[in-house]
Amino acid sequence: MRTAVRALLALAVLCGPIGAADPPTVPPIMAVDAIGMTVADMDASLDFYSRVLGFTPVRDIEVSGDAYERLRDVFPVRMRVVRLALGDEQLELTEYLTPRGRPAPADARSNDRWFQHVAIVVRDMDRAYAWLRDQRIAHVSPEPQRLPDWNANAGGIRAFYFRDPDGHPLELIWFPTGKGDPRWQAPTDRVFLGIDHTAIAVGDTAASLAFYRDRLGLRVVGGSENAGPEQERLNAVRGARLRITSLHAAMGPGIELLEYLAPRDGRPFPDDARANDLIHWQTRVVARDEAALAGVAPHPVVVPAAALGFLRAGVARDPDGHDLEVVERP
């Protein structure tokens, strides 16, 4: 099913009117609202994200019914959904109370195309890493990596990959002066500051840009080509060479495309993946209006009482199978 969807979408974005060379004059998408993931045990995840990483819960609700079954394509569904804030950005965790999904593959790698993470900005990398080690978190990188100075766009940035209790990959990132959003340099006593971006593995940057830039109207704001031993250790992929492209809507965290130029053996999104499986992530984006929502995600559903903070929503899948939940706010 997902293979067919990806093939049709890739053909559409490359050949149809949404494959235009320039983004729409008035972008259909106004904001990246929240990054979501499926978790197995909400209480354990809440403890991890709030106690270990400093997120604050802002909403905790259970929902069920036809609208959510159609939106998430899971039947019969009951979900516990918790929204968390860190600085100005938000994360949304969903536990499927019924039906339960599958765990993440134990051999998942950063170049598999279901890969997605959030990059959490820290004020002090050494202090943040020491705290995570004290909490016995699961490493992906052996320790924080400093990207080399020859890389003009990324040199001096320090980063570290690790995993949450369900195996979702996460990143700590520290920006030196002159790199990243200037707000990350503002004086503060906090160690964990906010979410800079969500990163996704893609098979073809051009096809992904036809979707994110030309169809959704996101702006390309930067990019680099990263390689070398620091990058290999950061991603835990030997021989890693990545083409990285950063995009932004008018508001919210960025979306970063990670195309592995080497090695090219990353596995595609499983055809039978469902929203209740633990590899599932979704990036929630806000449509300009009802017409823009329908144009990006046909056949949206009306959500009862705007229980999750939006009136209507639909799902759009990018060329690699990553889910975007496109919503219209009240």
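Bear in mind these aren't lab numbers, they're just calculated from the coordinates by the rules spelled out. Since the structure is predicted, the reported quantities are computational estimates derived from the model, not experimental observations. Note that we place each Cβ from the backbone using ideal geometry, even for glycine, and neighbour counts take in every protein chain shown.
Quick notes
- Cα pair count fraction exceeding 14 Å, expressed as % - segment 61-114: 65
- Cα lying deepest toward the dipole's positive end in the chain, options THR56, PHE310, THR25, charges on Cβ: THR25
- Sequentially through segment 62-69, phi angles give Karplus couplings (6.51, -1.76, 1.60; θ = phi - 60°) of 10, 9, 7, x, 4, 4, 6, 5 Hz, Gly and Pro residues having no value and appearing as x.
- Rounded to the nearest 20, the Cβ-based charge dipole of segment 155-227 about its Cα centre (Lys and Arg +1, Asp and Glu -1) stands at 220 debye.
- Base-10 log of normalised Debye intensity for segment 116-262 (one unit scatterer per alpha-carbon) at q = 0.12, 0.18 Å⁻¹: -0.49, -1.13
- The coefficient of translational diffusion for the chain, derived via Stokes-Einstein from the alpha carbon Kirkwood radius under 20 °C and 1.002 mPa s, stands at 107 µm²/s.
- Annotation for segment 143-171 versus segment 234-308: alpha-carbon center distance of 20 Å.
- Built amide H within the under 5 Å cut-off of ALA108, gap 5+: none
- Span from the segment 26-56 Cα centroid across to the segment 64-132 one, whole angstrom: 6
- Rounded to the nearest 5, the antiparallel percentage of DSSP beta bridges internal to the chain is 75%.
- Helix-derived mean residue ellipticity, 222 nm - over the chain, DSSP H n ≥ 4, -39500 (n - 2.57), to 500: -5000 deg cm²/dmol
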